[in-house]
Amino acid sequence: MGRTNPTYRDFLRRLEDDWRPFRRGLRRRYQDDFDRLFERARGHADAAGYANGTDPEFAFLLSVLLAQERELRELRAEIGGNETEAGDLNESGGGNGGSAPARSGRD
């Protein structure tokens, strides 16, 4: 991509323009999600352009998947940290003053 081929960023602009009718057809609450897909792809445009692949659509999909994988990892780490904190509270008797055993919620 570059002088003889359109750049990856040019490809993304064209792809987004091509899918405008689809976006307009989405319910308003999903339109921001659609826009975020292209934001995520633009976030990895340097790597996709560097790869200079013959199929920029694949680079687009990989960029979106990579961004979603990163977000999942961050959310899992956040949840894992919260579970660790909750476990520490239960082990020390925190949260209920230590006067009664913690309920499991399965009763």
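Numbers for the structure displayed
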| quantity | calculated |
| --- | --- |
| Residues of the stretch 43-71 satisfying the condition of being open to solvent by less than 40 Å² (accessible area, probe 1.4 Å) and in contact (Cβ under 8 Å) with a residue 24 or more places away in the chain | Ala45, Ala48, Gly49, Pro56, Ala59, Phe60, Val64, Ala67 |
| Flag if Leu61 is of a type outside the set (Gly, Ala, Ser) and either within 16 Å of the chain's Cα centre (by Cα) or modelled with pLDDT of 90 or more (or both) | yes |
| Residues (out of contact with any helix residue (DSSP H, G or I) (no Cβ under 6 Å at 6 or more places or on another chain) and either within 18 Å of Ala67 (Cα to Cα) or surrounded by 11 or more Cβ atoms within 10 Å (Cβ to Cβ) (or both)) located in the stretch 13-22 | Arg13, Arg14, Leu15, Trp19 |
| Inter-residue pairs, beta-carbon under 7 Å, first closer than 21 Å to Phe11 by Cβ and in the stretch 21-40, second aliphatic (A, V, I, L, M) and in a helix (DSSP H, G or I), 6+ apart | Leu37/Val64; Phe38/Leu12; Arg40/Val64; Arg40/Ala67 |
| Enumeration of residues in the stretch 23-33 that are within 21 Å of the chain's Cα centre (by Cα) and either open to solvent by less than 60 Å² (accessible area, probe 1.4 Å) or of a type outside the set (Asp, Glu) (or both) | Arg23, Leu26, Arg27, Arg28, Arg29, Tyr30, Gln31 |
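The values are calculated or read from the model by the stated rules, or taken from the named source; none is laboratory data. Note that this is a predicted model, so its numbers are computed, not measured. Neighbour counts run over all protein chains shown; Cβ positions are idealised from the backbone, glycine included. Areas reflect the complete protein model, heavy atoms only, side chains present, ligands, DNA and RNA absent. Shrake-Rupley method; radii C 1.70, N 1.55, O 1.52, S 1.80 Å.
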